[in-house]
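Below is one structure, written out as structure tokens; the observations come after it.
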Amino acid sequence: MSQLQRIRPTKIELIRLRRQLVLAVKVHKVLRERLTILVNEFLAQLRESIEKRRKINDLILPVYNRGAGLLGVYGENVYQLFHRTTPALTSVLTTENIMGVSTRSIVLKAPGEDKAVYAGLKDFQAQAYELLKAIIELGKAEEAVLALGREIKSTKRRVNALNYIIIPRLREQIRVLRMKFDEREREEKSRLKRVKNILEKRKKLE
């Protein structure tokens, strides 16, 4: 109530409050639309994350079995063979923009020609590379889910602040000013009526 009492009861103040209310309603509408879009994108990224995780589950067992088979054939030397014959992979850290939300990402550059000459290593390299790509894609999808979740939470706070605090407060302030103006108008009409009666009485006396 103290904040309402600090409002200057002027026409200019009423115009300013009305403009603020129109702007707040427009911003509220835009933010609600953005929130809907963000939630839809969040669900899409969540579904993609689930699919990526299933893909990893499908890939990891064949890689493990082939690795175990190679370990049985070549013994512990298989790690050295794999290291010498596998081309180095390079990755680049980047950012992606999803509906105005910045998320971290990794771009994995394709390896060069492999030097695998030992039986089974080439297939193992290909499977391991596909698994690594799937893990990176899962990481990107889950990072997008987290970033979108944070943005949804922030946007929802703004929407709620506009819907339950700012817009109702502006409407109440406008209502109070209108009441004051109506009261002034009634007082002014009452004064004019009294003045008119006085003038009429004087005229009769003359």
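The values are calculated or read from the model by the stated rules, or taken from the named source; none is laboratory data. Treat the numbers as computed from the prediction; the structure is a model and nothing was measured. Cβ sites come from the backbone with ideal geometry, for glycine too, and all protein chains shown count toward neighbours. We work out accessible area using only protein heavy atoms, side chains counted, and drop any ligands, DNA or RNA first. Shrake-Rupley method; radii C 1.70, N 1.55, O 1.52, S 1.80 Å.
Measuring against 26 Å, Cα to Cα, the residue pairs LYS11/LYS201; LYS29/LYS180; LYS133/LYS153; LYS29/LYS52; LYS55/LYS140; LYS29/LYS153 contain LYS11/LYS201; LYS29/LYS180; LYS133/LYS153; LYS29/LYS52 as the ones spanning a longer distance.
Legend: P(r) of the stretch 142-185 from all alpha carbon pair distances, 5 Å bins from 0, whole percents, reading 5, 20, 13, 13, 10, 9, 9, 6, 6, 4, 3, 2, 0.
Stretched out straight at 0.36 nm per residue, the stretch from ALA44 to GLU130 would grow longer than its current Cα-Cα span by 28.7 nm.
Listed by chain and number, the aspartates and glutamates whose C-alpha is less than 19 Å from the C-alpha of LYS189, apart from same-chain residues fewer than 8 away, are GLU200. Of the whole protein surface, LEU170 contributes about 10 Å² of accessible area at a 1.4 Å probe radius. Each peptide in 62-70, 182-190, 123-131 was scored by the mean count of other Cβ atoms within 10 Å over its residues; highest first, the order is 123-131, 62-70, 182-190. A simple spin-label model places the labels of LYS11 and ASN65 8.6 nm from each other, with each point 7 Å out along Cα-to-Cβ. Taking max minus min of the alpha-carbon positions on each principal axis, the stretch 119-160 gives extents of 63, 6, 5 Å, largest first.
Here's how it looks for SER105: its modeled amide H is under 5 Å from those of THR94, THR95, GLU96, which are all 5 or more places away or on a different chain.
Can you list the residues, at least 5 places off or on another chain, whose amide H is less than 5 Å from the amide H of MET99, using H built in the peptide plane? Correct list: empty.
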